[in-house]
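Below you'll find the structure, written out as structure tokens, and then a few comments.
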Amino acid sequence: MTSSSEVPGFYKKKPSERLDFVKKFANLSDEETESISGYGALGEETANRMIENVVGTFPLPLGIAANFMVNKKEYMVPMAIEEPSVVAAATHMAKGTRKTGGINADSDEPIMIGQIQLVDLDDPFAAKEKIISKKKEIINLANEQDPILVKFGGGCKNIEVRVLDSDTGPMVITHLLVDCRDAMGANAVNTMAEAVAPRLETITGGRVYLRIISNLAIYRKTRASAVWPAKFLGGEEVVDGIIEAFAFACADPFRVATHNKGIMNGIDPVVIATGNDWRAIEAGAHTYGQWKEGHSSFTHWEKTRDGDLKGSIEIPMAIGLVGGATATHPTAKTCVKILGVKIPGGAAELSQIICAVGLCQNLGALRALASEGIQRGHMGLHARNLAVQAGAKNNEIDKVAEMLKQSGTVRADVAEKFLTELRAT
């Protein structure tokens, strides 16, 4: 066992050598070492290329949410997640939309924002006007960096210029508005921003610092909506309860944080399963909620004239099918195939499916809260995990889980107690 985490040339070592060092450093058993050393469908070579200092992979359960019909098209939706009840809730709520025509969805054009920060300007507002006067030149310079993207209808389409007050003084922020087509867009946008930056310095006499994509993709939003019959949800009283829960989220930042987390419970697993950047989606969604109207819900719920429930969602959705893990991870590629989304245009379709899942998942959580309570369904599914943690094997798992559910006390210590009793009989 070694006590120092300083390892000269750690990144140069083979994955197996790194793993051996970690095993000694953390005093891992052979079984514990094996638990982090597998590569599954990804394979060691691919994993070692994707990130630094690889020692293995971290598997997540991959479930399939059934029943989804979005824009009249049928989907089986892959979801990679460790939390119980999410896939079940999304599947069930998707079923509830089928008699009312399914889920409708649409997307904006895939415009991402590249930001270029200019400082040390004598007259920021005059600098802004100089940049605007050179708009066509700046757009052309940006598009020279990616002729393939331009060929397929994408590329820099416009610019915006803002004067921003800050703690270090005024800044001029130039936005490149780039149509990324079926890519998430980070590489293309960042390359364009890097290329344009020196020209902006020449035009304004200022100094450029940051030039990078923004994950607040306000021009790349996706929307989805559907109607659920009151009877499916449990009656008009449940509909009223859901709307009250929604009103709570709109009024209170402490509630909306958990409300929106429930929405992302549905969105993130599909983003992960398809190899997309779930951190970018999370950051963009939460910042959009704040930017748009304060601590707001990503969804909106209302009662129809017939007493049914109508829900809608709108969030930025920078999803891609070109580049990144989506194009290299075997599991992600298979998940994309299951969804049946293809280039060109598939990124927009995928974003619509993802928003549809987020909407359904939000309703699943709200319905549980408004009727039986979230713990009943969630903890019931959690009982199996507790049984495994207690040491249950094979048939013991279901028996202990059932004992926990019947007792109404789904806790780790109770699972251990029931397992001991079961083995004593």
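Can you give the percent of C-alpha pairs in the range 376-424 whose distance is more than 18 Å?
Values: 138 of 1176 pairs.
Of the Cα pairs, 12 percent sit more than 18 Å apart.
Just round it to a whole percent: the fraction of Cα-Cα distances in the range 297-425 exceeding 20 Å. Show your work: numbers first, answer last.
Values: 5346 of 8256 pairs.
That tail contains 65 percent of the Cα-Cα pairs.
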Can you list the HN-Hα couplings for the range 334-340, worked out from phi with the Karplus curve (6.51, -1.76, 1.60; θ = phi - 60°), rounded to whole Hz and with x for Gly and Pro? 5, 4, 4, 5, 4, 6, x
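May I ask for the longest run of the chain untouched by GluC sites (Glu not before Pro) that are loop-located per DSSP and have at most 15 neighbouring C-beta atoms (other than their own) within 10 Å?
145-371
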What whole-number distance in Å separates the alpha-carbon centres of the range 295-351 and the range 15-38? 37 Å
Residue-ordered couplings for the range 157-166, obtained by feeding phi - 60° into the Karplus form 6.51 cos²θ - 1.76 cosθ + 1.60 and rounding to whole Hz (Gly and Pro as x), are 9, 6, 10, 10, 10, 10, 9, 10, 7, 8
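Using helices alone, I'd like the mean residue ellipticity at 222 nm for the chain: each DSSP H run of four-plus residues gives -39500 (n - 2.57), total over residue count, nearest 500.
Working: 18 runs with 220 residues, N = 425.
After summing the helix terms and dividing by residue count, I get -16000 deg cm²/dmol.
How do Y209, Y75, Y288 rank when sorted from fewest to most other Cβ atoms within 10 Å of their own Cβ?
Values: Y209 12, Y75 25, Y288 20.
With the sparsest Cβ surroundings first, the list reads Y209, Y288, Y75.
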In Å, the Kirkwood hydrodynamic radius of the range 41-94 over pairs of distinct alpha carbons? 13.4 Å
One point scatterer per Cα, no solvent, Debye formula: log10 I(q)/I(0) for the chain at q = 0.07, 0.10, 0.12 Å⁻¹ comes out as -0.45, -0.87, -1.13
So what's Rg/Rh here for the range 1-59, counting alpha carbon atoms and using the Kirkwood radius for Rh? 0.96
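Counting trypsin sites (Lys or Arg not before Pro) as exposed when in a DSSP loop with at most 14 other beta carbons within 10 Å, what is the longest stretch of the chain free of them?
Working: sites that count: K72, R305, K342, K393, R411.
The segment 73-304 is the longest one with no such site.
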Hey, if you put +1 on the Cβ of every Lys and Arg and -1 on every Asp and Glu Cβ in the range 1-59, which of I36, F58, A47 ends up farthest toward the positive end of that dipole? A47
Over the Cα atoms, compute the radius of gyration (one decimal) and Dmax (the largest Cα-Cα distance, rounded to a whole number) for the range 111-214, in Å. 13.1, 42
Exposure-ranked with fewest Cβ neighbours within 10 Å first, I113, I319, I36 stand as I36, I113, I319
Rank the residues D165, D108 as a footprinting-exposure proxy: fewest other Cβ atoms within 10 Å of their Cβ go first. D165, D108
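Scale the Cα Rg of the range 183-280 by the rule-of-thumb value 2.2 N^0.38 Å and send over the ratio, two decimals.
Details: Rg = 21.2 Å, N = 98, 2.2 N^0.38 = 12.6 Å.
Ratio of Cα Rg to 2.2 N^0.38 Å: 1.69.
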Given q = 0.10 Å⁻¹, what are the Debye log10 I(q)/I(0) values for the range 1-106, with equal point scatterers placed on the Cα positions and solvent ignored? -0.51
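No lab work stands behind these numbers, since they all come straight from the coordinates. All values reported here derive from a predicted model rather than from experimental measurement. For neighbour counting, all protein chains shown are included, and Cβ atoms are generated from backbone atoms with ideal geometry for every residue, glycine included.
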